[in-house]
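Scroll down for the structure; my scribbles are underneath it.
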Amino acid sequence: MKIISKTLKILPLLLLAIGFQSCSSDDDNNMPQEMDIVETAISSPNLSSLVAALQAADGNLVGVLSGDGPFTVLAPTNAAFQTFLTDNGFANLSDVPTDVLSNILLNHVIAGEVSSNALVDVEQGYANTSAKGPMDKNLSLYFDATNGVKFNGISAVTTADITASNGTIHIVDAVIGLPTVVDFALANPALSNLVAALQSADSQTPSPNLIPTLSGNGPFTIFAPTNDAFTSLLNELDPTGNTTLGDVSPATVQAILTYHVVSGNVTSDAIPTGVVPTLGGDVTINASNLTITDPNKRVSNIIPTLVDIQAINGVVHAIDKVILPLQ
């Protein structure tokens, strides 16, 4: 509780001596109480759509966010909600299915208090939200605090570190939708070559539509090569360093990418050991040392610090070497 100091009137000594105890008790009872997250949102005209969404959502979100916490809430502005509704073809909040609305709102809630300084100190990474994906797993949230603070590549903090009695509020300029595995590739600059590879594969006529497919229901498990992994592959294909991703035929890129997709939502604690079918063909996985051996006996390492990036339609694990079909 914030303690508000008060200026006492000069009282006669006798009156002060007699009445001090009861006056002090009354002052304590009348001291302003710090507002909780919901009360803080209600008091802000620019967050009225958030309040309406909390009230319209399935379940007792208002009650939850009025509870002890602590919580960190990413609070979209009224303009952010209007953009979300327009972009998704909804006339108003009541048109959004309550279960979907509830999960979207929970995707803006992080357990515990996370200050903007803490994000800046880490710079980039992933946190878990209270939203749920396949197998009831908490969805991941990518943050980049290298230039301001941005979430999932789409929602920037406009006002940070609003203190409430049960947590912290950061006001953001966009509603953070339920991310797909493709959304996470788009959000993280370290996976930009993977995005470029997907775009290359889809540029064919007819298109294999990898991006639309991987944005669909799934679930999919994606072994996502980092930018460094793609750089290493290009040097492997051409040690002179004169080959770019654009020089590789889209059909070849497509064949490569399909070896990185496994059906199902396979989290790191459930990765099997043995032969595993991908969309392109079989690979051999060793769960004990987190390696993937492709048909050419090349070994890719699953990066332990970049596993279980949970999307609404699957899970992403980053790897340090591109998997190749049989050469």
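A short reminder: the numbers here are calculations on the coordinates, not readings from a lab. Computed from a prediction, not measured in an experiment: that's the story for all the values here. Cβ: placed from backbone, ideal geometry, glycine included. Neighbour counts: every protein chain shown.
Could you line up 144, 136, 294, 68 from fewest to most neighbouring Cβ atoms inside 10 Å? Could you put the intermediate results ahead of the total?
Numbers: 144 19, 136 6, 294 23, 68 9.
Ordered from fewest to most neighbouring Cβ atoms within 10 Å, 144, 136, 294, 68 come out as 136, 68, 144, 294.
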Across 180, 305, 159, the residue with the highest GNM fluctuation in the chain (Cα network, 10 Å cutoff) is 305
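Per DSSP H run of n ≥ 4, the term is -39500 (n - 2.57); total these for the chain, divide by its residue number, and report the mean residue ellipticity at 222 nm rounded to 500 deg cm²/dmol.
Numbers: 12 runs with 107 residues, N = 327.
Roughly -9000 deg cm²/dmol at 222 nm, from the helical runs in the chain.
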To make sure I understand, if each residue's beta carbon is the centre and we count other beta carbons within 10 Å, what order do 323, 104 fall in, fewest to most? 104, 323
Nearest 5 percent is fine: what portion of the DSSP beta bridges confined to the chain is antiparallel? 75 percent
Work through the residues other than residue 300 whose Cβ is under 10 Å from its Cβ and net out their charges, Lys, Arg +1 and Asp, Glu -1. 0
Here the convex hull volume per residue of the chain, taken over Cα atoms and given in Å³, is 173 Å³
I need 288, 215, 268, 130 ordered by Cβ neighbour count within 10 Å, fewest first. 288, 268, 215, 130
Two pseudo-spin positions, 7 Å from Cα along C-beta at residue 291 and at residue 308, lie apart in nanometres by 2.4 nm
